[in-house]
């Protein structure tokens, strides 16, 4: 029984270590959030008028998720 427990612990530790070692990392982590925050600070006061954050949010409607993912892929935020 002790041998089985020891082997189970060893295998679990090896899996956790290997997963962290081979995980993909983005070339520019956080680029999407940083760029989005900077744009909101610079243009947020315009509200629903161009170039305000509310204006662009309303024009993106159903495609918002894909637009965000494409931006993240393009700026190096995706592993």
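Please treat every number below as a calculation from the coordinates, not as lab data. No experiment lies behind these values; they were computed from the predicted model shown. Reconstructed Cβ throughout: ideal geometry from the backbone, glycine too, with neighbour counts over all protein chains shown.
How high is the relative contact order of the range 25-79, given as a whole-number percent (alpha carbon pairs under 8 Å, six or more residues apart)? Computed value for the range 25-79: 52 percent relative contact order.
Using the Cβ-Cβ distance between residue 78 and residue 58 with R0 set to 35 Å, the FRET efficiency from 1/(1 + (r/R0)^6) comes to roughly 0.85. Using 0.36 nm per residue and subtracting the Cα-Cα separation, the extra length available between residue 66 and residue 24 on full extension is 13.0 nm.
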